[in-house]
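Enquirer: Structure in structure tokens, see below.
The values are calculated or read from the model by the stated rules, or taken from the named source; none is laboratory data. No experiment lies behind these values; they were computed from the predicted model shown. Virtual Cβ from ideal backbone geometry, glycine too; neighbours counted across all protein chains shown.
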Amino acid sequence: MFFLSEIEHTLRLPPYLLNRPLNEAIKGELDSLFLDKVIEKLGLCVSVYDIRSIDGGFIFPGDGASTYTVRFRLVMFRPFVGEVISARLKESSKDGLRLSLGFFDDIYVPVPLLASPNHSEPDPEHKNGIRWVWEYEGENYPIDGTDEIRFRVHNVSYPPVPLEQGKDSDEKESEQKDSKPFAPMVVTGSLDADGLGPISWWV
């Protein structure tokens, strides 16, 4: 689920940071650039683990900042297909479930990957909400958010950034109301196997 990824980056260090220890100043800039950001194929950056090397320190004409080539390692959240993870229910809708790890919320379990057979019903805890129920041997087992939910990673995708060019403001506003916020990394999960779903199902 968590990996170390080594990256080389050309970093511009602003003049107001030059009076601080170099490693400290560079780590602060790397944090602001990479922390909580998604890097395609690498995952979500959780923290800067360490700095391996710092080269350069050039000041270009007309620019008071110094420029460094920095090699460093990042702690990345990148679940692999088939991995089993525990999460919390964030949202239940006609399309399935949305789960959260606390630091990452873009985990979706579509209806075809829920435990089957299943059905949806009105959620007694949330007005106008629905909850999904697994049917097993004549008993109903609801997914109501009380317990942690174990899911298996079915897919990890990095959707392309949507293009807004060529649309007027009314079209953009209408689409924003109808669509969910853009997520640079999406994890699709499955509950359709023994041992998956709310923990209370299996104890």
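Enquirer: Condition first: of a type outside the set (S, T, N, Q) and within 13 Å of Leu11 (Cβ to Cβ). Now tell me which residues in region 43-73 satisfy that. Reasoning before the result, please.
Expert: Of region 43-73, the ones of a type outside the set (S, T, N, Q) are 43-46, 48-52, 54-65, 68, 70-73.
Matches in region 43-73: Val48, Ile51, Ile54, Asp55, Gly56, Gly57, Phe58, Ala65, Tyr68, Val70, Arg71, Phe72.
Enquirer: Kindly indicate the residue of region 57-78 that is farther than 30 Å from Arg152 by Cβ and of a type in the set (A, V, I, L, M) and also surrounded by the most Cβ atoms within 10 Å (Cβ to Cβ) among those meeting that condition.
Expert: Applying the first criterion (farther than 30 Å from Arg152 by Cβ) to region 57-78 yields 57-72.
Restricting the remaining residues to those that are of a type in the set (A, V, I, L, M) gives 59, 65, 70.
Working: Ile59: 14, Ala65: 16, Val70: 20.
Only one residue fits best here, namely Val70.
Enquirer: Pairs needed: first member in region 37-56, over 13 Å from Arg73 (Cα atoms) and among the β-branched types (Val, Ile, Thr); second member anywhere, at pLDDT below 95 and surrounded by fewer than 17 Cβ atoms within 10 Å (Cβ to Cβ); C-beta distance under 6 Å; at least 6 residues apart or different chains.
Expert: Listed by first residue and then by second, the contacts come to Val38/Pro184.
Enquirer: Taking the stated definitions as given, is Val109 of a type in the set (Val, Ile, Thr), more than 22 Å from Gly129 (Cβ to Cβ) and surrounded by 12 or more Cβ atoms within 10 Å (Cβ to Cβ)?
Expert: no
Enquirer: Next question. Somewhere in region 107-129, is a residue assigned to a loop (DSSP other than H, G, I, E, B), within 17 Å of Met185 (Cα to Cα) and at pLDDT 95 or above?
Expert: no
Enquirer: Filter region 130-165 down to the residues that are of a type in the set (S, T, N, Q) and within 30 Å of Leu42 (Cβ to Cβ), then identify the one that is surrounded by the fewest Cβ atoms within 10 Å (Cβ to Cβ).
Expert: Filtering region 130-165 down to residues of a type in the set (S, T, N, Q) leaves 140, 146, 155, 157, 165.
Restricting the remaining residues to those that are within 30 Å of Leu42 (Cβ to Cβ) gives 155, 157, 165.
Values: Asn155: 12, Ser157: 11, Gln165: 4.
Filtering first and then ranking leaves Gln165.
Enquirer: Here is a follow-up. Would you check if Ser174 is modelled with pLDDT under 95 and among the hydroxyl-bearing types (Ser, Thr, Tyr)?
Expert: It is true that Ser174 is modelled with pLDDT under 95 and among the hydroxyl-bearing types (Ser, Thr, Tyr).
Enquirer: Check Pro117, Pro122 and return the single one that is more than 12 Å from Val153 (Cα to Cα) and free of Cβ contacts under 8 Å to residues at least 12 places away in the same chain. Let's see the steps before the verdict.
Expert: On the way: Pro117 fails: free of Cβ contacts under 8 Å to residues at least 12 places away in the same chain.
Answer to the check: Pro122.
Let's see how each residue does on (1) closer than 20 Å to Trp201 by Cβ; (2) surrounded by fewer than 19 Cβ atoms within 10 Å (Cβ to Cβ); (3) of a type in the set (Lys, Arg):
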residue	(1), (2), (3)
Leu42	no, yes, no
Tyr49	no, yes, no
Phe80	no, yes, no
Glu83	yes, yes, no
Arg88	yes, yes, yes
Ser93	no, yes, no
Arg98	yes, yes, yes
Phe104	no, no, no
Asn128	no, yes, no
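Enquirer: Next question. Within region 180-203, can you find the residues that are in contact with a helix residue (DSSP H, G or I) (Cβ under 9 Å, 6 or more places away or on another chain) and either in contact (Cβ under 8 Å) with a residue 12 or more places away in the chain or not assigned by TED's automatic domain parsing to the domain that holds Ile149 (or both)?
Expert: If the condition is that a residue be in contact with a helix residue (DSSP H, G or I) (Cβ under 9 Å, 6 or more places away or on another chain) and either in contact (Cβ under 8 Å) with a residue 12 or more places away in the chain or not assigned by TED's automatic domain parsing to the domain that holds Ile149 (or both), then Thr188, Gly189, Ser190, Leu191, Asp192, Gly195, Leu196 are the ones that fit.
Enquirer: For region 53-79, give me each residue that is among the basic types (Lys, Arg) and farther than 25 Å from Phe103 by Cβ.
Expert: First, pick out the residues of region 53-79 that are among the basic types (Lys, Arg): 71, 73, 78.
Residue satisfying the conditions is Arg71 alone.
Enquirer: While we're on this one: Can you confirm whether region 41-63 contains a residue that is at pLDDT below 95 and among the aromatic types (Phe, Trp, Tyr)?
Expert: Yes; the residues of region 41-63 include at least one that is at pLDDT below 95 and among the aromatic types (Phe, Trp, Tyr).
Enquirer: Only one residue in Asp50, Asp106, Asp95 is acidic (Asp, Glu), within 13 Å of the chain's Cα centre (by Cα) and either closer than 20 Å to Ile7 by Cα or not assigned by TED's automatic domain parsing to the domain that holds Asn19 (or both). Which one?
Expert: Exactly one residue qualifies, and that residue is Asp106.
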